[in-house]
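Beneath this line is the structure, given in structure tokens, with notes to follow.
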Amino acid sequence: MLRFCANVIICFFLINVTIKSENKNYLSPTGKDTNHICPFEESESTYSSDNDVERINTNPISSPEKILFPDNITTSYGLIFENAFCYRWENNSYTDIIQLIGLNNKAQALQFRISVNKAENDSVILIFQNLEKGADVSDSSWVLDYNVIRGPLNADSASVDEVYVLLYNVNQNNGLLPGNYNQLIKVNYKVVDLPNIKDSIKSSMRISNALASTFQGYSIDITPSRDELNIFARVPVVYPDFGIIFQKDTVYQ
């Protein structure tokens, strides 16, 4: 019965949004837009090991400030990533959040795409893992469906991916009320193991084709005010031991 209801809602959403697209309800930009930089623990950026001296990296760090963002965006609205850019360590898994800001009508369903490693200046260093419902849609009546179209895998098992996403509520007229949703969907991914001679390699995830629908099938514009999360992969800098030192940093007795 649940599968039947889900199929009915999906068909209703996809068909009626197209038919009634002329009756759009647009988002009202709300909320101040700050720098949107994810936290990065600088204390983790130095390591010390006799065996890893060769990993000392002296390459200049590419600054995300060189990425151009529209000067006129002073608010965040639509379906966006929580952060505009992040530093991430190589060979680790991470979670970033997709938010829905400034929704001004009751949304029964929404659909969008996520492009991974697909921008013109991207390096293929991200491995898309999966999506999870966030706290705002944790109720069992919310269903998250997605389909991953993967490109050819490189030597690190990363690829250029396109993820088709559909989030909908199976109960009649029981969607998201107007407002802000800061914990909508979790995006889980991994940064590959980078060559030791490289640092601050850039890739991205981008939201496109974002659209929501009321239960009646009227479309709601949830176009992102900023559609991209830029990710800079870092290689830890290892400093060699020298001078008079203790053999071990920490000893438990």
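Hey, can you rank 162-169, 92-99, 226-233, 143-150 by average C-beta count inside 10 Å, highest first?
Output ranking for 162-169, 92-99, 226-233, 143-150: 226-233, 162-169, 92-99, 143-150.
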Item to check | Neighbour-count order for W89, W142, fewest beta carbons within 10 angstrom listed first | outcome: W89, W142
Checklist entry - Taking neighbour Cβ counts within 10 Å as the exposure measure, how do S219, S208 sort from fewest upward? => result S208, S219
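Which shape class, rounded, prolate or oblate, goes with the stretch 84-242 when its Cα gyration tensor gives a ≥ b ≥ c as root eigenvalues, a/c under 1.5 marks rounded, and past that a/b bigger than b/c marks prolate?
prolate
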Checklist entry - Among E82, E132, what is the fewest-to-most ranking by other Cβ atoms within 10 Å? => result E132, E82
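No lab work stands behind these numbers, since they all come straight from the coordinates. In this text the structure is predicted, and so the values were computed from the model without any measurement. Every residue, glycine as well, gets a Cβ built from its backbone with ideal geometry; the counts of neighbours run over all protein chains shown.
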